[in-house]
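Throughout, read-outs are computed from the coordinates displayed, never taken from laboratory work. None of these values were measured; they are calculated from a predicted model. Neighbour counts run over all protein chains shown; Cβ positions are idealised from the backbone, glycine included.
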């Protein structure tokens, strides 16, 4: 079914006015004029205890790696952009390789009730992982528009597709798809065939409700982030990307840097934020540790404490 025309859909493909359609010439310029930092082939993870079970209305957020978070609550367990494969790629023998194993092994996951899929890029949407989840957990898969075919092919039986600002209630949790400044692309479909976005989750109702915002992939867009706060409320916890940002002339429209992540934290009014989208797959030119180091510098410059915006080790948890 073709979505109706809107301010982000022209009748054929989705678009964002601030994201240029980079072509082969731009990609060649990037690869020929820049030198990517060398990442370690393998990063040994510090041992982490298993994620704690939530008590009462607690939300336990565990960073598994890249954009994959496990959110454990009394209302159910949610998994964002699950990638457990060795590579973020359409093929298992080429493409960006993991620098570290998942912070929580697939076999150690608790029952997964819902999977939140932000967009179709391979570092966020891994077909083998989706198939494993469909077979082992049979969760509800919640995605932006036009992911139904991809999810059905992975074996998903329960699928919910949302447009920007549309909401779905799942296990007494209100889940809203929020806009982001990004794009989509995957083999077999035209560029920007599928929509992209983030997810705002409200657990409960009234003053006692707890709110989590998963930003998804996005360039910095203060107008959009202020709109998230206005329409959904200020989140108790924001999960914000800080990596894959160099070179800026190429990446700025689609990936924010740590300084912009701090600004996003403030624009959306988050009480606490946790960094994501760094240190797992080498997608761009910066060194592996550069986003975390730049985040520390940006915090200091903005007067934001590490308690307010932290970078977790894979497998570590933050409880709200």
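Summary of values
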| item | result |
| --- | --- |
| Neighbour-count ranking [beta-carbon atoms within 10 angstrom, fewest first] of 228, 160 | 160, 228 |
| Per-pair calculated FRET efficiency, R0 = 35 Å: residue 236 and residue 1 via Cβ, rounded to 0.05 | 0.45 |
| Ellipticity estimate at 222 nm from DSSP helix runs (n ≥ 4, -39,500 (n - 2.57)) divided over the chain, nearest 500 | -6000 deg cm²/dmol |
| Separation in nanometres of the label points that stand 7 Å from Cα toward Cβ, at residue 223 and residue 24 | 3.4 |
| Rough spin-label spacing in nm, given labels placed 7 Å along Cα→Cβ, for residue 297 and residue 46 | 2.3 |
| Most mobile listed residue (162, 201, 230) in the chain, GNM with C-alpha springs under 10 Å | 230 |
| Segment residue 171-residue 205, extension gain: residue separation times 0.36 nm, minus the distance between their alpha carbons | 11.0 nm |
| q = 0.10, 0.12, 0.13 Å⁻¹: log10 I(q)/I(0) that the Debye formula gives for the chain, counting C-alpha atoms only | -0.52, -0.77, -0.93 |
| Burial ranking of peptide ranges 172-183, 44-55 (average Cβ count within 10 Å, highest at the top) | 172-183, 44-55 |
| Among beta bridges that DSSP assigns inside the chain, antiparallel share in %, nearest 5 | 60 |
| Spin-label proximity, residue 308 to the stretch 241-275 - amide N less than 19 Å from point 7 Å beyond Cα toward beta carbon | 241-242, 257-275 |
| The stretch 1-159, Rg to Rh (Cα coordinates; Rh as Kirkwood inverse mean 1/r) | 1.01 |
| Inter-centroid distance (Cα atoms) of the stretch 127-176 relative to the stretch 251-282, Å | 25 |
| Residue among 159, 240, 262 with the largest mean-square fluctuation in a Gaussian network model of the chain, springs linking Cα atoms under 10 Å | 159 |
| Binned Cα-Cα distance frequencies in the stretch 103-167 - 5 Å width, integer % | 4, 17, 30, 26, 15, 6, 1 |
| Top of 293, 107, 86 by mean-square fluctuation, Gaussian network on the chain, Cα under 10 Å | 107 |
| Inter-centroid distance (Cα atoms) of the stretch 217-246 relative to the stretch 43-70, Å | 21 |
